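In what follows, a structure is listed as structure tokens, so that the remarks can point back to it.
The values are calculated or read from the model by the stated rules, or taken from the named source; none is laboratory data. Note that this is a predicted model, so its numbers are computed, not measured. Backbone-built Cβ (ideal geometry, glycine too); neighbour counts: all protein chains shown.
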Amino acid sequence: MKKLVAALLALTSITAISPTTADAGGRCSKYEHLLVQHAPRGGWDVARMSSYMYRESRCLPGVVNVKGGDTGLLQIHPINWSYLSRKFGVTVNKAWLQNPANNVRAAAQLCRYWRYAGRSCYQPWRTS
């Protein structure tokens, strides 16, 4: 039984989900104002990003993936932290990314990075 529980926890990055933190429709409308406010130049699809946010964190800003260290609403991976630190002029770390506004700002910066590289703005969150 212990092995089964450990395996299930390893498969999910979220250890506890409150059913009241997320929309029934699979979006995080509570944070959509941040997606609008901090959208990258050229914009992004707020509904799509809200859906990614739901999929990644179930709308819980403090979520940290145990395996990879991905942090916050949009699960920003540690491999990006030094790049983001240079761009923002602050130390980007787990605590900084657990702030919802900072997490969305980081996502917008990654969107700009991927656009500049000729790829999709949604590159970090695409599953295929």
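Among all residue pairs at least 6 apart or on different chains, which show Cβ distances below 9 Å where the first residue, located in segment 17-39, is assigned to a loop (DSSP other than H, G, I, E, B) and the second is at pLDDT below 80?
C28/T21; C28/A22
Matching residues to (1) hydrophobic (A, V, I, L, M, F, W, C); (2) in contact with a Cys (Cβ under 8 Å, 6 or more places away or on another chain):
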residue	(1), (2)
I76	yes, no
K94	no, no
N103	no, no
A106	yes, no
C121	yes, yes
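Which of the residues that make up segment 74-105 are outside any helix (DSSP H, G or I) and surrounded by fewer than 17 Cβ atoms within 10 Å (Cβ to Cβ)?
Scanning segment 74-105 gives H77, G89, V90, T91, N93, N99.
So, in segment 40-70, how many residues would count as being closer than 22 Å to R115 by Cα and outside any helix (DSSP H, G or I)?
7
If you take the residues in segment 69-128 that are of a type in the set (V, I, T) and under 15 Å from R48 (Cβ atoms), which one is modelled with the highest pLDDT?
Taking the candidates together, the pick is V104.
Quick check: is even one residue across segment 50-59 farther than 23 Å from C111 by Cα and either at pLDDT below 90 or surrounded by fewer than 19 Cβ atoms within 10 Å (Cβ to Cβ) (or both)?
no
Hey, any hits in segment 12-28 for a residue that's farther than 20 Å from T127 by Cα and modelled with pLDDT of 95 or more?
No, because not a single residue in segment 12-28 is farther than 20 Å from T127 by Cα and modelled with pLDDT of 95 or more.
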